[in-house]
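Chemist: Supplied in structure tokens, the structure appears directly below.
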Amino acid sequence: MLALSGVETFYGRSQVLFGVDLAIDAGEVVTLMGRNGMGKTTTVRSILGLTQARAGRITFEGVEIAGLSPHRVGRLGVGLVPEGRQIFPTLSVRENLVATSANRARRGNPWSLDRIYDLFPRLGERHAQIGSSLSGGEQQMLAIGRALMTNPKLLVLDEATEGLAPLIRAEIWAVIETLKAEGQSILLIDKNLSALKKIADRHFIMEKGRIVWSGDSAKLDADPELAHRYLGV
């Protein structure tokens with residue numbers, strides 16, 4: 001579904017990504033892990049066209065997307081839950097959800113307000129509240145719901161549970177498990193290694209702008225030094 005090959009990305013003259021290779025198949029949950037500042041968010045920005053890669057290939061369902069604008073990548077079916085949530089603070093919960101809603105792929109049983117409110121009952125309870133009045137956890141739920149309302153083929157979650165209370169984190173992980181069971185393809189960035197190992201099909205570890213390891217959870221568990229060396233745990 002998504003494939004990165006030899007991707008190099010810069011901020012000005014500073015190179016951040018060095019030949020990144022990464023792939024996600026349809027229906028997979030794949031993680032991108034690494035310490036802060038290693039290039040994870042830049043990888044996401046490169047995929048979405050928010051920061052254009054200067055070299056390499058990025059394809060989505062066989063279509064070259066490197067060089068496309070973010071809205072064109074989104075129209076192809078990539079939905080982003082960005083780091084920092086970035087909801088519309090002056091719009092209500094309902095308005096946030098319908099602002100970018102679409103079903104360009106003509107999916108059966110598409111995401112709707114009712115389905116989002118079933119997934120996140122708190123959003124249904126607060127449907128008339130403006131975004132800035134929500135708690136951090138509720139804003140993250142809203143950011144996920146807003147991305148799902150685009151009916152993405154691939155959902156990208158950057159720092160899915162960062163800074164959230166334990167109960168809210170548990171609710172987000174349960175939602176991600178539900179989405180996986182429904183066949184949603186997901187690229188997931190988070191620091192909760194135990195949760196990632198339980199839910200993901202495969203993992204990629206990034207160090208200083210390079211993919212230094214990839215494999216499944218069993219392979220990751222078989223080499224406990226990996227987490228210490230690259231993840232700081």
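The values are calculated or read from the model by the stated rules, or taken from the named source; none is laboratory data. All values derive from a computational prediction rather than experimental measurement. With ideal geometry, Cβ positions are generated from the backbone for all residues, glycine too; neighbour counts draw on all protein chains shown.
Chemist: How about the range 62-140: which helices (runs of 4 or more DSSP H) wholly inside it have at least 1 residues that are over 14 Å from residue 152 (Cβ atoms) and of a type outside the set (Lys, Arg)?
Modeler: 93-99, 113-119, 121-125
Chemist: Separate question: I'd like to know if the range 188-202 contains one or more residues that are at pLDDT below 95, of a type in the set (D, E, K, R) and touching a helix residue (DSSP H, G or I) at 6+ places or on another chain (Cβ under 7 Å).
Modeler: Yes: one or more hits.
Chemist: While we're looking at this one, here's another question. Suppose we keep only residues that are of a type in the set (A, V, I, L, M) and assigned to a loop (DSSP other than H, G, I, E, B) within the range 26-39. Which one would you say is nearest to residue 198 (Cα to Cα)?
Modeler: So, considering only residues that are of a type in the set (A, V, I, L, M) and assigned to a loop (DSSP other than H, G, I, E, B), the one nearest to residue 198 (Cα to Cα) is 26.
Chemist: Hey, among the residues in the range 36-63 that are under 17 Å from residue 187 (Cα atoms) and of a type in the set (D, E, K, R), which one's farthest from the chain's Cα centre (by Cα)?
Modeler: 61
Chemist: Ok, one more. Given the structure, is residue 42 in contact (Cβ under 8 Å) with a residue 24 or more places away in the chain and assigned to a strand (DSSP E or B)?
Modeler: No.
Chemist: Here is a further query. Is there a residue in the range 143-157 that is closer than 15 Å to residue 90 by Cα and aliphatic (A, V, I, L, M)?
Modeler: yes
Chemist: Checking residue 25 against (1) charged (D, E, K, R); (2) farther than 23 Å from residue 211 by Cβ; (3) in contact with a strand residue (DSSP E or B) (Cβ under 8 Å, 6 or more places away or on another chain), only one condition comes out false. Which one?
Modeler: (2)
Chemist: Something else about it: Kindly check whether there is at least one residue in the range 45-56 that is part of a strand (DSSP E or B), closer than 24 Å to residue 215 by Cα and modelled with pLDDT of 95 or more.
Modeler: Yes: the range 45-56 contains one or more residues that are part of a strand (DSSP E or B), closer than 24 Å to residue 215 by Cα and modelled with pLDDT of 95 or more.
Chemist: I'd like the full set of residues that are free of Cβ contacts under 8 Å to residues at least 60 places away in the same chain and farther than 20 Å from residue 174 by Cβ, limited to the range 113-150.
Modeler: Scanning the range 113-150 gives 113, 127, 128, 129, 130, 131, 132, 133.
Chemist: Here's something else I'd like to know. Do we have any residue at all in the range 158-175 that's under 20 Å from residue 7 (Cβ atoms) and in contact with a strand residue (DSSP E or B) (Cβ under 9 Å, 6 or more places away or on another chain)?
Modeler: Checking the range 158-175: at least one residue is under 20 Å from residue 7 (Cβ atoms) and in contact with a strand residue (DSSP E or B) (Cβ under 9 Å, 6 or more places away or on another chain).
Chemist: Follow-up. Among the candidates 66, 55, which residue alone is over 24 Å from residue 138 (Cα atoms), aliphatic (A, V, I, L, M) and surrounded by fewer than 16 Cβ atoms within 10 Å (Cβ to Cβ)?
Modeler: 55
Chemist: Related question: Any idea how many residues of the range 48-103 are of a type in the set (Phe, Trp, Tyr) and not assigned by TED's automatic domain parsing to the domain that holds residue 157?
Modeler: Number satisfying all stated conditions: 1.
Chemist: Just the residues that are free of Cβ contacts under 8 Å to residues at least 24 places away in the same chain and assigned to a loop (DSSP other than H, G, I, E, B), please, taken from the range 178-208.
Modeler: 182
Chemist: Test each condition in (1) within 20 Å of the chain's Cα centre (by Cα); (2) not assigned by TED's automatic domain parsing to the domain that holds residue 3 for residue 131 and report the one that comes out false.
Modeler: (1)
Chemist: Say whether the condition of being in contact (Cβ under 8 Å) with a residue 60 or more places away in the chain and in a loop (DSSP other than H, G, I, E, B) is met by at least one residue in the range 4-25.
Modeler: The answer is yes, given that some residue of the range 4-25 is in contact (Cβ under 8 Å) with a residue 60 or more places away in the chain and in a loop (DSSP other than H, G, I, E, B).
Chemist: Shifting gears a bit: Determine the pairs where a residue that is on the phi < 0 side of the Ramachandran plot, located within the range 45-66, has a partner that is of a type in the set (S, T, N, Q) and part of a helix (DSSP H, G or I) with Cβ atoms under 9 Å apart, the partner being 6 or more residues away or on another chain.
Modeler: Correct list of pairs: 51/42; 52/46; 53/46; 58/46; 66/46.
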